[in-house]
Structures are given as C-alpha cells and as structure tokens.
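Participant: Quick one: structure below, then a few questions.
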Amino acid sequence: MSCLVVSSTCSLLPLDSSLTRSTRSSKLGSSLSWQSSFPKFSIDIGSVISSPIVKKDSFIQAAWTRRSRGEAAKRPNKKSWKQRTDMYMRPFLLNVFFSRKFIHAKVMHRPTSKVISVATTNARDIRTNIPSLVDDEACRLIGKLIAERSMEADVYAVSYEPRKGERIEGKLGIVIDTIKEHGIVFVP
C-alpha cells in the first residue's frame, strides 16, 4: 500500500496493482525519479494531538521529563544532572590525606584535574623545621600553607567532600578550621 498526499492530512489511498508503471507515473507525476519510488505522505500533528488518546500537555512535555525508573535501571551508569554539573558549580576541591608518617593536602580544579596548591609535611623544608610530622601543630601548618598558596593562585573558595563514613573532626577538623581562619571560604 502506498500513500498519496491530499491537503495537509494523511490519506492512505491504495493504488491498483493492475496499473502499469507508465500509467502509475502519469497519475503521480510525469517523470520517474528516485523520489517517485518512495511512498509520499505527511502527518498533520494537530490531528494527533487532538485525538482523545494523546493529551496535548503530555505530548509536549515528554521530552523534558526525567528518566523513568525502568529507563534508569536499563542504564545504571548514566550520571544524574547533579553529578554532571557539580564539578562546574564547585570547581575547587580540597583533598587531605593522613598517613602514619606525614600529612598531605592539595586543592584541585575538578573540571581539568589541575592541581592548584599542594602542602605536605614530607617536603624537605618543612620536615626539618617541625618536631613531629603528624601532630596537631603540623595540621595547623598544612592548613596555613594551603590557604596561602591557594590565595596566590586566586582561589578563595573551595569545597570538601568527606569520604564515606568520614567525620570532620580531629586532625581533619584542625586542617579545615585553619584554612577557614586564613581566609578561604568553604562552599557546601
């Protein structure tokens, strides 16, 4: 079955199979070209929207709604809107690492993974000047150095994302409080 366009609505008119190619081409057009080998039809969207089955609001809004649970289950690795935009809303991230022997802290630019400032008690100039590399005084020194070096790089606001089950207290709390005292704002 092939379609023939009659005005702006879709009309399906069957063509007789008894007609030869020449009589068919004279009815459809004077020349046979690649366009005449395809069925011709157009759909009027107004008639689709006005049908009782499809509501106008749901038809238009379908493209803007979020994914359904079933669709999310099919593609579990697709990131949500918050996950995709969070790195641009809070671009500078503080990362603090504590080992038994030293403390290491850095501020990174998340979209480009570029390190903005670094401070560690394992650095040659610091480890020779302080008695302990892991006590509270070392935490205060690391916080002060990170704040100064971040301000030199024109970074005045950072965010910190605690790891799973991690609380901001003890040595980590000392580092973060010292950074706040030296003029860096923490973005939630």
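FYI, it's all coordinate maths here, none of it is from the lab. For clarity, every value in this text was computed on a predicted model and none was experimentally measured. Positions of Cβ are backbone-derived with ideal geometry, glycine not excepted, and every protein chain shown enters the neighbour counts.
Participant: Ranked highest first by average number of other Cβ atoms within 10 Å, how do 161-167, 172-178 line up? Don't jump to the answer; show the numbers that get you there.
Facilitator: Details: 161-167: 7.6, 172-178: 18.7.
Descending packing order for the listed peptides: 172-178, 161-167.
Participant: Further question: Under a point spin-label approximation (7 Å from Cα along Cα-to-Cβ), what is the S113-D154 distance to one decimal in nm?
Facilitator: Between S113 and D154, the simple spin-label model gives 2.5 nm.
Participant: Classify the stretch 81-186: rounded, prolate or oblate, from the alpha-carbon gyration tensor (a ≥ b ≥ c, eigenvalue square roots; a/c under 1.5 rounded; otherwise prolate if a/b is larger than b/c)?
Facilitator: Prolate, because a/c is 1.5 or more and a/b exceeds b/c.
Participant: Separate question: Lysine pairs, Cα distance under 20 Å, 8 or more residues apart or cross-chain: how many in the stretch 81-186?
Facilitator: So the count works out to 11.
Participant: Roughly what would the spin-label model give for S132 and Y88, points 7 Å off Cα along C-beta, in nm?
Facilitator: Inter-label distance under the simple model: 4.6 nm.
Participant: Can you give the FRET efficiency for F98 and R75, using 1/(1 + (r/R0)^6), R0 = 35 Å, r = Cβ-Cβ distance, to the nearest 0.05?
Facilitator: Taking R0 as 35 Å, the efficiency between F98 and R75 is 0.40.
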